[in-house]
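Written below as structure tokens is the structure these notes are about.
The values are calculated or read from the model by the stated rules, or taken from the named source; none is laboratory data. Just so we're clear, the structure is a prediction, and the values are computed from it rather than from any experiment. Note that each Cβ is placed from the backbone with ideal geometry, even for glycine, and that neighbours are counted across all protein chains shown. Calculation scope for accessible area: heavy atoms of the full protein, side chains included, ligands and nucleic acids excluded. Shrake-Rupley method; radii C 1.70, N 1.55, O 1.52, S 1.80 Å.
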Amino acid sequence: MPMVRKFVFAVPMVVLTVASLLFAASGTGSAAPSAWRYTMVAFSNVSDRSMDVYQSSDGTDFAELQTSAYQPPFGVVRDSSIFRHTDGMYYVTYTTGKTSIGFARSSDRVNWTFLQNFPVPFCCAFLPGTGAGTGPVSPPGFSGSAGFSDGPSLSPFTTKAWAPEWFVEGDRVSIIVSLSTGGGFVPYLMTALDPGLRLWSFPVPFVGINADHIDTQVVKTGSTYHAFTKNETHKVIEHWTAPSLIGPYTRVPLRSFGPLKEGPAVIELPDGTWRLYYDDYTNRKYFYSDSSDGMSTWSDPMEVPGLSGTVRHVGVMREPA
């Protein structure tokens, strides 16, 4: 019987002790370590010949991981986009300044190896608005006619392959790249044909997003694809949605961030908030805006602390820390 009493009295003491320890731990004020890591890649206002890498635990405050982390063997490294592949390696794709898009990879985000410049020789022929943009606007009844400023390109030869962006869905890896034959840019989709990301499908134009759009990035929520892109005519960021990756896309309302903005980069935060980063390039500043209602409304823009005024056209990814 004494043994039973001791056990009965011991149980509350153990519970009290454990509760005291938990209370003490919660009162220390030390935050739990972040479960996520954000990586940002960018060129700078100083140079587009090298790529800088930054990291963050919250997607807001970024610290330098490695400046000049990657220099391509020739050309520039602008508009870089990053993701982590199923092989555990990090891959970037970027604007080379030519008619090809560049690729590099890394195991640690600090040391990068050049993979290739992949040529994109053909695009845009006969698509409305892809001509050289010279001459008068088409008269009524002749919209998009050849020989007018809003007419199609009659040349099939790519002159610019810019701003490639990764899009990964399941085991399919794709790139959205802005192509031009000398007139308006058109977003095109290319899909990897091998696990090493060295072979790519023939580019296919998006449906619905007309010519003269650049810096197109797509994210998916549920069954809807959301494209954020720069209208190169008016120099503003736009929001389009579609039931499939290739389209057809329909423009939807987006709060105005003002003119002369580009390089939208959109990620989802752990709590379901969507964050849009963009380049206020004429003022040499970088901003972000958040949406907590499924990308219907967006908060007032805030400068990216510490990096605003330094980074240009960023790519951002989130992964478990």
THR86, sole failed condition from (1) in a loop (DSSP other than H, G, I, E, B); (2) open to solvent by less than 20 Å² (accessible area, probe 1.4 Å); (3) among the polar types (S, T, N, Q): (2)
Residue count for the range 245-285, restricted to those that are part of a strand (DSSP E or B) and under 14 Å from the mean Cα position of the chain (by Cα): 13
Conditions (1) of a type outside the set (Val, Ile, Thr); (2) open to solvent by 30 Å² or more (accessible area, probe 1.4 Å); (3) at pLDDT 95 or above; number of the one not met by PHE103: (2)
Filter result (more than 20 Å from MET302 (Cβ to Cβ) and touching a Pro at 6+ places or on another chain (Cβ under 9 Å)) within the range 32-67: ALA35, ARG37, ARG49, SER50, MET51
Any hit, the range 241-253, residues being aliphatic (A, V, I, L, M) and more than 19 Å from PRO164 (Cα to Cα): yes
Residue match in the range 260-274 (condition: open to solvent by less than 20 Å² (accessible area, probe 1.4 Å), at positive phi and not basic (Lys, Arg)): yes
